[in-house]
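The values are calculated or read from the model by the stated rules, or taken from the named source; none is laboratory data. In this text the structure is predicted, and so the values were computed from the model without any measurement. Reconstructed Cβ throughout: ideal geometry from the backbone, glycine too, with neighbour counts over all protein chains shown. Side chains included, ligands, DNA and RNA excluded: accessible areas come from the protein's heavy atoms. Shrake-Rupley method; radii C 1.70, N 1.55, O 1.52, S 1.80 Å.
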Amino acid sequence: MTQAQLQEAANLPSHGTEPPQRKWRDYFTFNTDHKVIAIQYLVTGFIFYLIGGALATVIRTELATPEPDLVDPEFYNSLFTLHGTIMIFLWIIPAGVGGFANFLLPLMIGARDMAFPRLNAVAFWIVPPAGLLLMASFLVGPPQAGWTSYPPLSLIASQAGEAIWILSLLLLGTSSILGAINFFVTILKMRVPGMGFNQMPLFCWAMLATTGLVIIATPVLAGALILLAFDLIAGTAFFNPTGGGDPVVYQHMFWFYSHPAVYIMVMPFFGVISEVIPVHSRKPIFGYRAIAYSSLAISFLGLIVWAHHMFTSGTPAWLRMFFMITTMVIAVPTGIKVFSWLATMWGGKIRLNSAMLFAMGFISTFVVGGLTGVMVAAVPFDIHVHDTYFVVAHLHYVLFGGSVFGIYSGLYHWFPKMTGRMLNETWGRIHFALTYIGFNLTFMPMHELGLLGMPRRVAMYDPSFTSLNRLCTLGSYVLAVSTIPFLVNAVWSWMYGPKASDNPWQALTLEWMTTSPPAIENFEVLPVLATGPYDYGYGDRSSEVNVPFSEAKDPVLSAGPSSVLRAEPDPAVAAHPDDRVGESQNRE
Amino acid sequence: MQGSTIDSAKTVLNYHHTAEATAAHHEEHPDLRIFGLIVFLFAEGMIFMGLFIAYLTFRLMAPSWPPEGTERLELLLPGINTAILISSSFVIHQADSAIKKNNVSGLRLWFAATTVMGAIFLAGQLYEYFHLGFGLKTNIFASTFFVLTGFHGLHVTFGLLLMMAVLWRSLKKDHYNSEHHFGVEAAEIYWHFVDVVWIVLFLLLYIL
Amino acid sequence: MLTGIVLTLVSLWYGQNHGLLPIAASEEATHVDNLFNAMMTISTGLFIIVEGVIIISAIRFRKRKDDNTDGSPVHGNVPLEILWTAIPAVIVLWISIYSFEIYNEMGGFDPMAANDPHAMHAQAKMPGAAIAAPLPTSEELSSPKSNLIAIGVGAAAKNEGKPADLVVNVTGLQYAWIFNYPDSGVTSGELHIPVDKDVQLNISANDVIHALWLPEFRLKQDAIPGRTTEIRFTANRLGEYPIRCAELCGAYHGSMNTQLFVQTAEEYNTWLQSQEVASNSPGEQVVAVNPAKMSDREFLAPYASEMGINSEILKQIHPTDSHNQI
């Protein structure tokens, strides 16, 4: 019996009787089922992703030539302002924090729903009006001050659009905080009996760290926006030097939220990747605790690095040094995660399906964003590249190569559970190949552009940068086209795809222990944990496989039962949780 | 790596055992609303925290504080106001004790008292607003003063609405009893929060 | 072992020969480049390791046909995990120390440029609304009244404590840079500096935040309304270099460029004299006057491709707020 069969057998009584018959209308109503809300979030987010992507395509087309010839420069500024705002606040945060967490958290911890189902629906239903409001700014002249909206520029350029921007962001921030409170309480209080913190799937750990950040950091953004709104509408001078205010104070308040926001956007996908990789590598996650606790470390450190966005805006030397060091230190927990994922794949039996390809794509592109992240943390170097295309490249490697690849990986992985239908593998692979090529073609040359001297947020540039920009524009078209196979595949499969079994990937976490799609209240009775979330390979195995640095005969290098690190030789791999001691990482 | 076979007997045992333990079929989960409220108030507190730190930064950056020519703040009225608000925290706690003894009329009495005290505080604030020597746009000190006290006043107003809602509901028979009185508790916790924020605010704006 | 050696060699080679940076026109720029090269070397190595492991895993450990078993149940390996925690920790610590040293060389810790609230070069408070302020005169720029902090990159370690050889006041406004030489009273739209001299730029802004970027000197400093920031550097290479605005400042942010001329002492003096003559000639020469009440966009559109105000017309600055918004 494999571990998956064991877990399934143990959970037969809690297995839902039949998948719910949802009407399409349910998805347009105020529904309190976390699974419906999750899909509402994901679909809404994806629609905004398409809008944001269309804006990006216009931006890249404009930048195909050095002259501002396609759109006028004011409108160009609106394009990248809205592109940034939409992608962050209406796509990655709703899809990542709202969508995946909503769908997965209650299922993974064996709960029937969120702690506060109605609050959950309220949090979602704030998003579409806020998004439409932001879109409506096109009617009055959209905001032009960039998604960072630094005063004084944001106070004088396109004021009506700016006011709409502030209102929309306050709404989205509220939604985000309400959602986070719900997830936080759900993770802490609603776990099935027997699931301690160290038996939680790593996605839950990632969400715990993420929601903590949302709760601490997002309100400060609200504070900054309130003050900005007073400056804009009432004519106060908080960020205006003439009245004794200071534009740099806004930058501090803004980045106190917006740097953690990067982790809010990427940490859920650290969680997603930590789920996808062990399932499709058929191996336990390597270093469960290290991954779990490094999430907490990242979220703590993420709160004390914000001023690295302000190295050139008149920050005192000692502050520059402090923020440089804290920023550099974040590389350590992030590195732990990356190496642990690699070690999980190493020696596995990797099923190279679309979910796994996107997960591997995630690691391979995110690592570039991580490395350039360490570079821009170094003050002397950042003084050169700050506000240049190098930073544009860096942030897209983190947020596209990281978050968006993570979203796709998660969608391919959980689509069968969400809809009860399988996605088409071939189209999934085509989608991956196009996305991967398009992405690297778009953003890799931007590193060089920035180093050579091209500032970001410009509608016109020095003609010497033309050829590299052409390459970026070409890549962006590939990237735009890459969305089509996914869109067609998802829509077609949702309607006509082959029916998915309850556990098509033979996974061990609890969301796979019920029907596909899950029954209305998820489980008949509370599920039980017969195995840990990642106990692959404890069943029958036909042959030994390599693990890094492992040497079965050398106790120091042995990763197996005879390692010197184990007090007892054998219990490390015992199947029953109570018999397991020592090294076994995902056990208490 | 041997020894990886599964002790199926134990597992089965384990499963039966757990299934019995959790046989509490379809039971509601414990009431988490208070915990959720506290997390929410923590987030609210972070907004105030952001505004306080902005205030302190402006203060540190300014050559003189409050800027020259700003009328000094009067201390008497806000002092009385502060005393009223702080004591109202003790008053509202009486309501909580009352409902825990199933004393609904006590609940009504103490809640009404707290509401009146809160209303007096708000009226005092408004009186101060109209008798200040500066307006919202006079200088950076005036602006922060109005935004901070105004945002707090908004919270007080919301607290008053909450308490009135509780009072309204308490008219329904057996809506609140010693077992079920989330509304009472929530209003109380919220009111304490508003109080604590005011103490910090008062110290920052008037005393420091 | 062999892969390790090859990896190291490839990283070292690429770290030195990436060709991604523009010319370095000062000694400090060379230091920054060395830092970048070091980080590039380490990054190349790590990049190859990570991508290599992914590719090898995808090939060597992919599921074989008809093999439905699981991989080996390895939960972790503490020594290995300690190793890959310690190595990055050591690397970032080393980069931090190295950056710290280079930052010191560049003059980041010069107390004159750091945070003395009553520093001499702090700028006067803006007279009007910052958003619609007229250009400050040179007297205003030099009067030490404000308490706002002046920060930036100060004197390089070897020049610390010495006054700069040449001080230039730089003002950013939508969408041009104005350079004022307080010693000679010259105002220009281009920056001319003598080679091998310690130059100090006092940077401020009139309307919104700008950022003065000298890519060939690896220097950048925001120009913030209401504050004066400074950078100090010594050019060691003759030539003409771009000056760019790096902080979004409005629709024509991308065209807020001008040139920096690093000249020999004679060339520089000749230029300075010609400017002095021009600026002392009588006549109301006004720069960048918006003739009608047009919006910025309408007014600036024809100049979009070459927005920098050029030195010929920029003989003298007169306050002009006719085209300010608000």
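So the values come out like this:
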{"read-out": "22 Å tail of the calculated P(r), the stretch B:79-197, as % of Cα pairs", "value": "38"}
{"read-out": "For the stretch A:337-403, radius of gyration divided by Kirkwood radius, i.e. Rg to Rh on alpha-carbons", "value": "1.11"}
{"read-out": "Heavy-atom accessible area ranking, 1.4 Å probe, most first, across C:66, A:113", "value": "C:66, A:113"}
{"read-out": "Cα pair distances of the protein assembly as shown binned at 20 Å [whole percent]", "value": "12, 39, 34, 14, 1, 0"}
{"read-out": "Cα gyration tensor shape for the stretch B:71-122, rounded if a/c is under 1.5, else prolate or oblate", "value": "prolate"}
{"read-out": "Computed accessible area, residue A:23, all protein chains, 1.4 angstrom probe, square angstrom", "value": "120"}
{"read-out": "Principal axis dimensions, largest first and in whole angstrom, of the stretch B:27-68 by Cα", "value": "64, 12, 7"}
{"read-out": "Residue A:487 accessible area, 1.4 Å probe, all protein chains in place, Å² to nearest 10", "value": "70"}
{"read-out": "Cα pair distances exceeding 14 angstrom across the stretch A:210-254, given as percent", "value": "52"}
{"read-out": "Size of the A/C contact, given as accessible area buried on both chains, probe 1.4 Å, in Å²", "value": "8800"}
{"read-out": "Accessible surface ranking that places the most exposed of A:444, A:108 first, with a 1.4 angstrom probe", "value": "A:444, A:108"}
{"read-out": "Minimum 30 Å² accessible area buried by the other protein chains, the stretch A:314-341 residues, probe 1.4 Å, relative to alone", "value": "A:314, A:316, A:317, A:320, A:321, A:324, A:328, A:332, A:336, A:339"}
{"read-out": "For the stretch A:497-539, residues shielded by at least 50 square angstrom of accessible area compared with the chain on its own, probe 1.4 Å", "value": "A:528, A:538"}
{"read-out": "Cα gyration tensor shape for chain B, rounded if a/c is under 1.5, else prolate or oblate", "value": "oblate"}
{"read-out": "Net +/- balance of residues flanking residue A:183 in space, Cβ distance below 13 Å, scoring K and R +1, D and E -1", "value": "+1"}
{"read-out": "Above-threshold pairs, the threshold being 23 Å between Cα atoms, out of A:35/A:283; A:189/A:337; C:197/C:220; A:189/B:173", "value": "A:35/A:283; A:189/A:337; A:189/B:173"}
{"read-out": "Fraction of beta bridges assigned by DSSP in the protein assembly as shown that are antiparallel (%, nearest 5)", "value": "65"}
{"read-out": "Percent carbon-and-sulfur accessible area, the protein assembly as shown, ignoring ligands, DNA and RNA, probe 1.4 Å", "value": "66"}
{"read-out": "10 Å binning of all Cα-Cα separations within the stretch A:17-496, expressed as whole percents from 0 upward", "value": "4, 20, 32, 29, 12, 3, 0"}
{"read-out": "From the C-alpha gyration tensor of the stretch A:456-537, square roots of 5λ in Å", "value": "47, 18, 12"}
{"read-out": "Probe 1.4 Å, all protein chains present, accessible-area order of C:256, B:49, largest first", "value": "B:49, C:256"}
{"read-out": "Rounded, prolate or oblate (a/c below 1.5 giving rounded, otherwise prolate when a/b exceeds b/c) for the stretch A:1-113 by Cα gyration tensor", "value": "prolate"}
{"read-out": "Distance histogram in 10 Å bins (all Cα pairs of the stretch B:130-208, percent per bin)", "value": "17, 35, 24, 15, 8, 1"}
{"read-out": "Solvent-accessible area of residue B:93 with every protein chain in place, 1.4 Å probe, in Å² to the nearest 10", "value": "90"}
{"read-out": "Neighbourhood net charge (11 Å Cβ-Cβ; Lys/Arg +1, Asp/Glu -1) for residue C:193", "value": "-4"}
{"read-out": "About the Cα centre, charge dipole magnitude for the stretch A:17-496 (Lys/Arg +1, Asp/Glu -1 at Cβ), debye", "value": "1860"}
{"read-out": "Zone residues, the stretch C:188-225, relative to residue C:160, backbone N less than 11 Å from point 7 Å out along Cα-to-Cβ", "value": "none"}
{"read-out": "CD proxy at 222 nm, helix term only [per DSSP H run n ≥ 4: -39500 (n - 2.57); per residue of the protein assembly as shown; nearest 500]", "value": "-18000 deg cm²/dmol"}
{"read-out": "Å² of accessible area per residue within the protein assembly as shown, as computed with a 1.4 Å probe and no ligands counted", "value": "37"}
{"read-out": "Between A and B, accessible area buried - total, square angstrom, nearest 100, 1.4 angstrom probe", "value": "4100"}
{"read-out": "Mean-position separation - Cα centroids, the stretch A:95-111 and the stretch A:232-276, in angstrom", "value": "26"}
